[in-house]
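Here's the structure, in structure tokens; my notes come after.
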Amino acid sequence: MFQLTRGSLKKILDGNNVADPILQITQMKNIQNNMDGMTRYKVTLFDGETQHTFGILATQKNALVESNQLRIGSVIKLEEFAANVLSKDPPKVVIILLNFEILGEMDANSKQQPAATISQPNKHVQNENIEPNKSINQNKAKSFFDKKEADFEKPQSTNPPGTFNGFKVFGISSLNPYQNKWAIKARVTNKSNIRTYSNARGEGKLFNVELIDNTGEIRANGFNDQVDKFYEMLQIDQVYYISKATLKTANKQYCRLDNDYEMTFNNETVIQPCDETDNLPRINLNLAKISDISNHAANDFVDVIGVVKSVGDCMTIVTKSTNKELKKRELSIVDNSECAITATLWGKQAEDYDSSDSFPVILLKGAKVGDYNGRTLSVTSTTVVQINPDIPEAHTVKGWFEQGGSESEIQDLSSQGAGGSGMGAGTSIIGHTNWKFLDQLKDEKLGMGDKADYFSTKAYVLYAKKDNSMYTACPGENCNKKIFDQNDGTYRCEKCARNYPNFKWRMILNINLADFADSNWATCFQETAETILGIGTEELGELKNSNDPKFDEVFSECAFKEFNFKLRAKMETYNDERRVKVSAVTVEPIDYVQSGRRILEKIKQFAKEQV
DNA sequence: CCCCCCCC
């Protein structure tokens, strides 16, 4: 006889977390999902006091039923679950059994009779409040049946079929600003936080949701009063009727959804939860292989699914623009394209990420591509994050990882620059992905944005400017400040506010770089200048001091030498003049074997694109 | 009517 955790179901349905409740399976029903062809098991749970008729087994647990290990009468310790509110009115909560231990079994009929059957929770709960044991945000994987909800919950619509609020129900793709007699029936796939803003027009708050139906997707925005009215009601994964909202042209710069329009709720807007889910898709994914992300430009949005192979610590950084402290955490994600990419979580998502879950599958819908040292991903406020989602692609990538993928040689798209990204490794320029020819510097307006742009290039040094290339600097450990000769045998550093008996040489070398396409000036500091001139700064300083003619030769001899460069382009203002300054971050001599291979790859890629 | 998404 097992001690069931009496009262635990009510607590769960009331939105509380309950650690490892002992429950009995008293009913079980096989549901065929005609969307993905997967079998789902709907179970009735009993806690010794009440029953809940709406539990769903995560599909990865199906085998336990099929091998008869889990059956009617089984007693389980429920270690991980997600309680999802399907509707508030009538209240309907599904408990998804994600992870549990089978303790044994009791006779499902001889046990004490339930005092009551909970089919409806006493209190309305919100998804966010039901702490799914291992989630990083409200978008915890929702792993359950899709189309057969009507099998056990009959719709209770008061509207004539195909209408809502007196309007015909249209597909999202047919909405436009010129026709306002419409209703839609759509599923919420993403919901933002409430954001406040303050600008010339005043202050306000807003949120947005993403909606899908079988015809398309659209973003909807709610401002101010509509935030108060609709924010709580609209829940991720739930289906709603919506009518009488404003449609306007979407700004493609900001909207990554496939729709020319977006919706704004207004004070006439009517929204109502809906039980009929009509085969509505749960998420509209356009999954990219991680290897494909190298073909994406910065600021593209991509959908990826992979295994989290390593998790960085939550770190605090200070933003440049606002001097604000910000948390960040980097995850390295791999998939069966045998590539890895770093995805950065920010703020609360970085703090809340549960790093105790080893090698979970992560789904990122709408992650933003960055091009720092190769390619990176950034999880923005509109990115949908799901941990261990119950979709076929998740099982595929997990299977690949477990059956040797974790041991395979992985190419990391995010650690291909000097310094890497903190997740590990490569240091040579040759592994970089953002190679450019020099004409692209101007053509692509590199450095013209707010931030610096980094790129790699193979170029010749046409000319290294000798004049003013060296200066006498403070000998202090980390001070490279220009030092002043006091002409009394001492040298004054204003930064350190002291006199020194000596100085050290430093280099700021301007070079003119050229490839077949263009030429450009770039500044090389110390180490990069040493690489180009092929001499140490101190040694060069001595040549200069002694007026050795070899000093001039050093500069003339580097002409027409070829190097791989990692360059940084950034707009700077000097004497009221704004221009893009280019400086060398890294300079490496060319390994011609590796360089040839890189170019061959480029040619192959080019040939592929021509087909 | 927002539209910032940050750092190396």
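Here are some notes:
- Legend: ranking of residues A:206, A:438 from fewest to most surrounding C-beta atoms inside 10 Å; resulting order A:206, A:438.
- The mean sequence distance of close C-alpha pairs (under 8 Å, at least 6 residues apart), as a share of the length of the range A:163-273, puts its relative contact order at 29 percent.
- Screening chain A for DSSP H helices whose Cα atoms reach 30 Å or more along their own axis and whose mean Kyte hydropathy is at least 0.0 gives nothing.
- Each 10 Å bin, from zero up to the one with the longest distance, holds this percent of the alpha carbon pairs of the range A:163-273: 15, 50, 30, 5, 0.
- Kirkwood's formula applied to the C-alpha pairs of the range A:424-537 gives a hydrodynamic radius of 16.7 angstrom.
- Label-point gap, in nm, between residue A:19 and residue A:194 - each point 7 angstrom along Cα→Cβ: 3.2 nm
- With loop membership from DSSP and a limit of 12 other Cβ atoms within 10 Å, the longest segment of chain A without GluC sites (Glu not before Pro) is A:1-231.
- All other residues whose Cβ lies under 10 angstrom from that of residue A:315 are scored, Lys and Arg at +1 and Asp and Glu at -1, for a net of +1.
- Per chain A, cysteines lacking a partner by the 4.7 Å Cβ criterion: A:255, A:274, A:314, A:339, A:524, A:558
- Three semi-axes of the equivalent ellipsoid, the range A:272-368, Cα gyration tensor, whole Å, largest first: 26, 20, 16
- Sequence ranges A:250-259, A:22-31, ranked by mean other-Cβ count within 10 angstrom, highest first: A:22-31, A:250-259
- Net length available on complete extension from residue A:512 to residue A:326 is 63.0 nm, with 0.36 nm assigned per residue and the Cα-Cα distance removed.
- Separation in nanometres of the label points that stand 7 Å from Cα toward Cβ, at residue A:315 and residue A:292: 3.0 nm
- Between residue A:546 and residue A:496, full extension at 0.36 nm per residue minus the direct alpha carbon distance yields a gain of 15.2 nm.
- Distance from the alpha carbon centroid of the range A:205-283 to that of the range A:176-204 works out to 6 angstrom.
- Fewest-first ranking of A:334, A:369, A:188, using other Cβ atoms within 10 Å as the exposure measure: A:188, A:369, A:334
- Within straight-line reach of residue A:77, meaning a Cα separation under 15 Å, sit the following aspartates and glutamates at least 8 residues removed in sequence or on another chain: A:20, A:47, A:101, A:105.
- With 26 Å as the limit on Cα-Cα distance, the pairs of A:465/A:570; A:229/A:328; A:481/A:570; A:324/A:445; A:348/A:566 that go past it are A:229/A:328; A:324/A:445; A:348/A:566.
- Computed from the C-beta positions of residue A:79 and residue A:560 and an R0 of 56 Å, the FRET efficiency is 0.25 to the nearest 0.05.
- Taking the convex hull of the alpha carbon positions in the range A:466-533 and averaging its projected area over all directions gives 5.6 nm².
- Panel note: the C-alpha atoms of chain A, placed on their principal axes, show extents of 103, 61, 58 Å (largest first).
Readers should treat all values here as calculations from the given coordinates under stated rules, not as data from a laboratory. Because the structure is predicted, anything quoted here is derived from the model rather than measured. For neighbour counting, all protein chains shown are included, and Cβ atoms are generated from backbone atoms with ideal geometry for every residue, glycine included.
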